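Engineer: The structure that follows is given in the form of structure tokens.
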């Protein structure tokens with residue numbers, strides 16, 4: 001359920017770029033009669049970067065993503081009581097927008113990290129990771145500036161792709177250090193104000209937007225791809241969710257029913273669990289300063305050796321080899 005305002009805005013942004021004006025967006029608009037906005041937006045993102053691989057459309061689009069003028073989900077965030085409540089909402093309800101990424105929030109050593117992960121496919125194209133990181137992180141910055149009257153700024157932005165040709169634009173937009181070629185897309189903020197009240201808090205409106213978003217979530221649960229639902233639940237409820245019985249209970253079906261539905265789509269629970277673990281392994285290794293024991297525990301492994309074996313099978317290298325050469329962002 002990708003809110004129409006995001007899709008419409010994306011079309012307007014594309015129309016402003018001379019390199020992209022040749023795109024046949026009319027065909028996509030016609031297809032919109034039979035497909036959701038999220039599906040069309042995904043196709044459009046693919047088409048944009050096929051036409052202009054070094055397009056900065058993610059940054060241009062992100063400039064417009066001001067939560068106060070967007071959808072009910074954004075307004076739910078802005079009316080929360082404090083930053084802690086704001087952050088708690090994101091992984092719980094972000095799926096109602098049906099994005100191709102999953103946000104993971106962690107706190108460690110006085111720093112709040114918002115990571116963008118891609119557990120829905122094993123090899124997410126670099127252009128899609130770049131577009132999501134640029135637009136989502138600008139959305140986060142715009143939102144945090146709104147809830148704090150500009151007092152809350154990021155400490156650092158880490159990106160898992162090489163510097164694009166327009167890298168000079170990042171500093172002005174993000175207002176902090178930007179590091180490329182990192183193992184993870186993550187934006188970090190100081191934890192100092194996490195329990196201070198938001199300037200935009202409103203308990204009455206918050207309840208209204210919460211009810212609307214919960215209703216949208218129930219609709220999305222009924223209509224969305226089953227594998228997508230399973231992965232979202234694994235990401236939200238790990239490490240308990242790495243047990244298939246836990247997910248079956250959450251989806252109110254039997255283990256046999258869960259396996260049958262996944263088999264019908266050519267998948268399996270272990271495959272989906274590994275997709276989630278791959279992304280979460282990078283999050284915890286990077287944000288918890290390469291601590292194998294902590295990462296293994298958060299991924300549901302009984303021993304760090306079991307985690308090492310999994311990691312080597314998935315990445316063809318050990319965790320230490322994977323992290324070698326990456327410098328943890330300055331706290």
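Engineer: Among the residues of the range 255-283, count how many are more than 18 Å from residue 122 (Cα to Cα) and in contact with a helix residue (DSSP H, G or I) (Cβ under 6 Å, 6 or more places away or on another chain).
Structural biologist: Number of matching residues: 3.
Engineer: In the range 100-115, what residues are in contact (Cβ under 8 Å) with a residue 24 or more places away in the chain and touching a strand residue (DSSP E or B) at 6+ places or on another chain (Cβ under 9 Å)?
Structural biologist: To start, the set of residues in the range 100-115 that are in contact (Cβ under 8 Å) with a residue 24 or more places away in the chain comprises 100-104, 106-115.
Within the range 100-115, 101, 102, 103, 104, 106, 107, 110, 111, 112, 113, 114, 115 meet the criteria.
Engineer: Exactly one of (1) in the same structural domain as residue 80 (by TED's automatic domain parsing); (2) closer than 23 Å to residue 90 by Cα; (3) in contact with a strand residue (DSSP E or B) (Cβ under 8 Å, 6 or more places away or on another chain); (4) exposed (fewer than 15 other Cβ atoms within 10 Å of the Cβ) is unmet by residue 156. Its number?
Structural biologist: Answer for residue 156: the failing condition is (4).
The values are calculated or read from the model by the stated rules, or taken from the named source; none is laboratory data. Every value quoted in this text rests on a predicted model; they were computed, and no experiment measured them. All Cβ positions, even for glycine, are placed from backbone atoms using ideal geometry, and neighbour counts span all protein chains on display.
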